[in-house]
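To keep things clear, I will list the structure first and then write my remarks on it.
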Amino acid sequence: MFSRWSSTSKAVQLQVLPAIYPSGANIEGEVAINLRHAHEEEIDKVEIRFCGYANTWIKLGNNSTHDYKELVRETTTLWTRGSGVYSQPGSDILSVPFSFTLPDKLPPSFHAEAMGYSVSVRYSITAVGVRKGRMNVNKQHCVPLTVVPKDDIGVSLKRESATHGWKTFSNEQRIRKGFWGDYSKVLVELKIPSIPVFPLSSTIPYTIIVTTTSPPLSPAQAAALPPGKLVFPPIPTSPDALDFTLGRRLYARATGTTTQSYTDIAAFLGPRAKAAAAATGKPRPPVDSAIDDGKWVATDTPDAEKGTRKDEDRADRQMGTWVQRAVFESTFTLDCPPSFVLSDFIKCAYDLVVNVPFPGVGNTLRLEASVVVTSGVETTVPHDVSAPGYVVAEALTLDLPPAYWDTSSSGWDTSKKVSE
C-alpha cells in the first residue's frame, strides 16, 4: 500500500553497457518495460533521461552553502499508455532501444568529500515510469555512468610507445642534525618522461635520486670512517624509506564560499604503498635500487692558497665532503579522474610528491612536480573486456569512491516530475 511513495519498480529495467565513455561518444542501451506491471503501477509513460551535473557543498562553522551546475540533460519518451505499442505475443516485456550522444566537452566523473566539503561531477541514465498525480512518486531505474574527456594527445602518446627524453625536478636544502653544528646538503631529483600529459593506465617510468653531502671532512677523518658507514645525512637504503605519492589539489566554490584542499590519493613508494599492496594483494612494480658506499670529494682550494703551499702540505690540509647517493627506478600507473577545470566552480590538479626524511627536527626534504592527468581514450572502453564487439588494448580503470555509485542518495534522484 506504500507503492505510491516508493520509486522502485518492477515495470522498468534499464540495460546499458558498463563502460568508460569519452565525451562525444554515443551511449546506447535498451529499456525493458513490463507492460503488466506498468498497468499495475499506474505508469502513464516511460522516459529515458540522461543527465550530468556538478555539485558542491561547503561547510564553514555552523553555516553551509550548496551550489549546482547542470552539464547536460536530455529526455526521450519511449512508451505511452494507449499508444498502441505492445509486447510480443506470450510476453509482457516490451524492449525499447535508446541512444544519446555525449557533448564534446565534459569534465570527468568525480567525487571527493571530507570534513567540511563534498564535490561531485555525476552522470547517469535513468529509465523513469511517469505517474500522474503529485502524490504518486515516479518509478525509476538509475544507472550511474563513467565519463571522461576525449584525449587525442594521450591516445597518440600511447600509440607511439616511444622514449620522449626526460625532464628533471629537483630540490636542494641545507640541514643539520641539531640546533648547532655545520650544515650538510641534501638533494632529491625526480626524473619523469618529458611528455605534456600523463594518460590513465599508462606505464610511466621514473627515477628518484637522493644525494647527500656531509659537513667538511679532512682526508684523515674520511679514511677513519668504518666501511659502509652512512655519514650524516644518511641516504635511504630502501625504496620504502622515502615516500613517493600522487597528491590532488582541489578547489571548489559554493554560492560565494570557496574551499581548497590537498590530499594524497595514491602511493607508489613508502609505508602507505606497502600497506596498500598488502591489503589489496596486488603486487607493486619492482624497484631497481643502486646504493653507493659514499666517497670523499675534495673541496676546491682558492688559487691564492694554492700558490703559497707545497703540494704535500696542501694535501694534508685539504678538506672535502663525504658524498653519498641512492638511485631508485621503477614505474607507476594512474587511475584517478583526469585533471579538469570547470570555469571557476571546480578545479582539480595533481602533483607527484617525493618526501625524504632525514634525522633531526624538520629535516624532511619535499619535492613537488605538477603533472597533467588525461584519460588516454578516444572511444568507449567497456569495463568487461570480453564484451562482444569491443577490442581493448589494455585494461582501463577509473578510481571512483563507493559514494559515486550510490543511487540511493538524493543526488541521483530523477524521479521528480520534471517533464509534467
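Where a number appears in this text, it was derived from the coordinates with a stated rule and is not lab data. Keep in mind the model is a prediction, meaning the values are calculated, not measured. Don't worry about glycine lacking a Cβ; one is built from the backbone with ideal geometry, like all the others, and counts go over all protein chains shown.
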Gaussian network model of the chain, Cα within-10 Å springs - most flexible of Leu225, Leu78, Leu200: Leu225
Net charge of neighbours whose Cβ lies under 14 Å from the Cβ of Pro357, counting Lys and Arg as +1 and Asp and Glu as -1: +1
Cβ-defined net charge surrounding Tyr53, 9 Å radius [Lys, Arg +1; Asp, Glu -1]: +2
Gaussian network model of the chain, Cα within-10 Å springs - most flexible of Thr207, Thr280, Thr263: Thr280
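List, in the order given, every pair from Lys59/Lys158; Lys191/Lys229; Lys191/Lys282; Lys59/Lys274; Lys177/Lys282 whose Cα-Cα distance in the structure shown is over 30 Å.
On the way: Lys59/Lys158 41 Å; Lys191/Lys229 28 Å; Lys191/Lys282 25 Å; Lys59/Lys274 34 Å; Lys177/Lys282 38 Å.
Too far apart for the 30 Å limit: Lys59/Lys158; Lys59/Lys274; Lys177/Lys282.
Under the rule of -39500 (n - 2.57) per DSSP H run of 4 or more residues, summed and divided by the residues of the chain, what mean residue ellipticity at 222 nm is obtained, to the nearest 500 deg cm²/dmol?
Working: 7 runs with 45 residues, N = 420.
-2500 deg cm²/dmol, from helical runs alone.
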Rounded, prolate or oblate (a/c below 1.5 giving rounded, otherwise prolate when a/b exceeds b/c) for the chain by Cα gyration tensor: prolate
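What FRET efficiency would be calculated for the residue pair Ser343, Ala220, taking the C-beta separation as r and a Förster radius of 51 Å, to the nearest 0.05?
0.20
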Ascending count of other beta-carbon atoms within 10 Å, so fewest first, for Val361, Val137, Val119, Val371: Val361, Val371, Val137, Val119
Gyration tensor (alpha-carbon) shape descriptor, segment 110-174, a/c threshold 1.5: oblate
Under 11 Å, Cβ to Cβ, from Tyr262 - net charge with Lys/Arg +1 and Asp/Glu -1: -1
Unit charges on C-beta of K, R, D, E only; dipole of the chain, Debye: 920
Per-residue Cβ neighbour rank within 10 angstrom, fewest leading, Lys139, Lys59: Lys59, Lys139
Cβ-based charge dipole, the chain, positive-most Cα from Val96, Thr237, Ile20: Val96
Selected from Phe50, Phe328, Phe179 as most flexible by GNM, with the chain as the system and alpha-carbon contacts under 10 Å: Phe179
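Can you flag which of Lys10/Lys132; Lys69/Lys150; Lys45/Lys69 are past 26 Å Cα-Cα? Walk me through the intermediate numbers first.
Working: Lys10/Lys132 18 Å; Lys69/Lys150 21 Å; Lys45/Lys69 28 Å.
In this structure, Lys45/Lys69 exceed 26 Å between Cα atoms.
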Angle in degrees between helix 271-280 and the longest Cα principal axis of the chain, rounded to the nearest 10: 40
